[in-house]
Amino acid sequence: MRLFARSGAFVAALLVVGYGLLTTRATGEGPWLIVMAAAAVLLLISFWPSIPRGTPQFERAVIRCTVLFLVGFMVVAIQLVRLQVVDSTVILAKSGIASDGTLIANPRQAIEEAKTIRGRILAADGQVIAGTTVNPDGSWVRTYGDPAATYLAGFYSPLLYGKSGLENTFDAYLTGQKGGNPATQWLDGVLHRTKRGYDLTLSINLNLQKQAQQLLGTQQGAIVVMNAKTGAIVAMASSPAYDPSQLQAAPGPNSNQEVAKAKAYWSTVSQQTNSPLLLRPIQGLYAPGSIFKTVTASAAIETGVAQPSTAYRDEGSLAIDGRVIPEQNRPDPNRVNYTLSEAFGWSLNVVYAQVGLQLGATRLAQYAQRFGIGGPIPFDLPVAVSQLDATPSFLSTQNALADTSFGQGQLLVTPLQMAMVADAVANGGRMMVPYLVQRISSYTGQTLQETQPQVWKSAISAQTATEVQTMMVQSVQQGWAKDAAIPGYVVGGKTGTAETGTPQPHAWFIGFAGKQAPEYVVAVIVEHGGEGTKVALPMGRAMLQAALALPTP
């Protein structure tokens, strides 16, 4: 019986250690220390000696100390296996950022990276966004293309600030550590061939990207243009932006000059109040204003609370619990009845406050989640998580629910999130997985991986999507979004003017366009830009028109 218990404890120790090695890599040292403590106890149970009676006290102490040392050595051996085998690559790549932005990392890692010619990052047509130029001495430097797109690649600064953006997310591919044939990679190492990383080809159309950057100009904001059927991002502009070429600091003959230049530039951009290092399309969080009515309308129609033809009364204001919500968007001050569709086109807050109260907090929250708000968006770069509310009890009051229903309250969204909302309406209720990296290939052009379109969520039914799509089209035909019309194309849109507590609100526009059915969707925000109709809408229309002129893939 005792032998069975010892054997069971030993097997349990092995299982605990195995579980820990497999599951604690991403959870930090705390859980691993718990695993080690549990394993040590089980090993002690397994090896603890049964000392015959009558054995002298000194010998008992020696035997027990020997077992304690044995278990201690076994625990140390397990830790060494974890450090030197299981987590060796993670430990080698571990880094941190000092208070001045300087990278604290293993310098050998940067030296080793310098032996591999880094893969290129290319636009959809093959134009270089971030390239590699090999010097006569065999060293290489990162080179960059049009500034309108280079910040999408991220910066590459192994001696100072590390990597960001695609340079960081796809580092294993760009350095050739992942994505190729393992046998070929092993043979290249044995034969000491020059190592080359793999190229990333993005879905970005460089002409569209340049146009988006020009439209934003010196204004702070973002533009996202996406293929409605595939999820391919064809333009993703952020303003202001930074120049990654100024942050390059890699081992080589000019490394000292590069380090000095990078430090000076980092000091400049990191202290700017307009945050040029922030990739606004995916990291900026903003109040959406009236473009959120697209979600509210979808929820109301899907749940049967209302139909596009359902009539509501809007006399110019709405009193809720002693507070008056004013209506500033009525096209005719003498008219008091509007359908849900008309209220969408004319962006009537009073009507959508009533719709939100009919829906209730639970259903509104449910449909916000169905559109992806409150959860991570799968993407090639980290996306800030949009939020419906910041405090769990916020929507419990009538006023908070009303405000949220027309896009205010504690709502915060990214421009990509709202492009995804437009995609659900344009694409039969389905939200596609958005992507930037279209293809990964060898330097010779051999395709190693290619992104295939995938559905991320079915936010609403196809019937509801069709009805909301019609409402967005009518908003362009006879609403505040009428200037978004493009002759010969089906265009739908929704403007937004989001109050921010400052004199100037955020200007928003989301929309779609296509020859017979939606082909592209767009989301535009101009921070503190004023009215969405006057500022964001013209940019959205221009981007949709330019996207429609692209050749069919």
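Can you compute the modelled spin-label distance between R323 and D137, with each label point 7 Å from Cα toward Cβ, in nm?
6.6
Using the crude model of +1 on Lys and Arg Cβ and -1 on Asp and Glu Cβ, and no other charge, please compute the dipole size for the chain relative to its Cα centre, in debye to 20.
Dipole of the chain, to the nearest 20 debye: 1540 debye.
Which is the longest stretch in the chain that no exposed loop site breaks, taking sites as GluC sites (Glu not before Pro) with a DSSP loop state and at most 13 other Cβ atoms within 10 Å?
1-314
Report the calculated FRET efficiency for T391 and E59 (r = Cβ-Cβ distance, R0 = 51 Å), to the nearest 0.05.
E(calc), rounded to 0.05, equals 0.20.
Taking a cut-off of 20 Å between Cα atoms, list the lysines near K178, but don't count ones fewer than 8 places away on the same chain.
K94, K115, K163, K195
Which residues does a label at F69 reach in segment 40-62, if reach means a backbone N under 15 Å from a point 7 Å past the Cα toward the Cβ?
Zone members listed by number: 59-62.
In terms of modelled amide H atoms, which long-range or inter-chain residues lie less than 5 Å from the amide H of T533?
Under 5 Å from the amide H of T533 lie the amide H atoms of G496, each far enough along the sequence or on another chain.
Between beta-carbons, use under 9 Å as the cut-off and find the net charge around A249, counting Lys and Arg +1, Asp and Glu -1.
Spelling it out: positives minus negatives among the neighbours equals +1.
Fewest Cβ neighbours within 10 Å first, please rank S393, S347, S442, S458 accordingly.
If I rank by nearby Cβ atoms, fewest first, I get S393, S458, S442, S347.
Considering only C-alpha atoms, what is the centroid distance from segment 472-509 to segment 34-62, in Å?
76
Hey, what angle do you get for helix 29-47 against the long axis of the chain, alpha-carbon based, 0 to 90 degrees rounded to 10?
Here the helix axis deviates by roughly 30 degrees.
Would you mind ranking L448, L279, L395 so that the residue whose beta carbon has the fewest other beta carbons within 10 Å leads the list?
The most exposed by this proxy come first: L448, L395, L279.
I need K210, K293, K163 ordered by Cβ neighbour count within 10 Å, fewest first.
Neighbour counts put them in this order, fewest first: K210, K163, K293.
Once each part is reduced to its C-alpha centroid, what is the distance from segment 134-152 to segment 319-363 in angstrom?
With segment 134-152 and segment 319-363 each reduced to a Cα centre, they are spaced 53 Å.
Out of these labelled values of log10 I(q)/I(0) by the Debye sum over Cα atoms at q = 0.05, 0.10, 0.13 Å⁻¹, [x] -0.29, -0.89, -1.21; [y] -0.40, -0.93, -1.24; [z] -0.49, -1.00, -1.26, which was calculated from the coordinates shown here?
Identified label for the calculated read-out: [x].
How high is the relative contact order of segment 429-482, in percent, with contacts defined as C-alpha pairs under 8 Å that are six or more residues apart?
About 36 percent, as a whole number.
Straight-line reach only, C-alpha to C-alpha below 23 angstrom: list the lysines that K515 could link to, leaving out same-chain residues fewer than 8 apart.
K229, K482, K494
Roughly what would the spin-label model give for Q454 and V81, points 7 Å off Cα along C-beta, in nm?
Modelled inter-label distance: 3.3 nm.
Using a simple charge model, +1 on the beta-carbon of Lys and Arg, -1 on the beta-carbon of Asp and Glu, nothing else, what dipole does segment 380-500 show about its Cα centre, in debye to the nearest 20?
Magnitude of the dipole: close to 240 debye.
Going highest first, how would you order 381-388, 202-209, 280-287 by mean Cβ packing within 10 Å?
202-209, 280-287, 381-388
For the charge dipole of the chain, defined by +1 on Lys and Arg C-beta atoms and -1 on Asp and Glu C-beta atoms about the Cα centroid, which residue among M226, Y242, G165 has the Cα displaced farthest towards the positive pole?
Highest projection toward the positive end goes to G165.
Treating only the Cβ of Lys, Arg, Asp and Glu as charged (+1, +1, -1, -1), what charge dipole size does segment 219-311 show about its Cα centre? Round to the nearest 20 debye.
In total the dipole reaches around 40 debye.
Setting aside same-chain residues fewer than 8 positions from K534, which aspartates and glutamates have a Cα under 13 Å from its Cα?
Filter leaves D483.
So what is the 222 nm mean residue ellipticity for the chain from helices alone, if each DSSP H run of at least 4 adds -39500 (n - 2.57) and you divide by all residues, rounding to the nearest 500 deg cm²/dmol?
Helix contribution divided over all residues of the chain: -12500 deg cm²/dmol.
Between I34 and L14, what is the FRET efficiency for a Förster distance of 25 Å, r being their Cβ-Cβ separation, to the nearest 0.05?
0.90
What number comes out for the charge environment of R120, summing +1 per Lys or Arg and -1 per Asp or Glu over other residues with Cβ under 11 Å away?
+2
Read the figures in this text as sums done on the coordinates, not as results from a lab. Note that the structure is predicted; figures quoted are calculated from it, not measured. Glycine also receives a Cβ, built like all others from the backbone with ideal geometry; neighbour counts cover every protein chain displayed.
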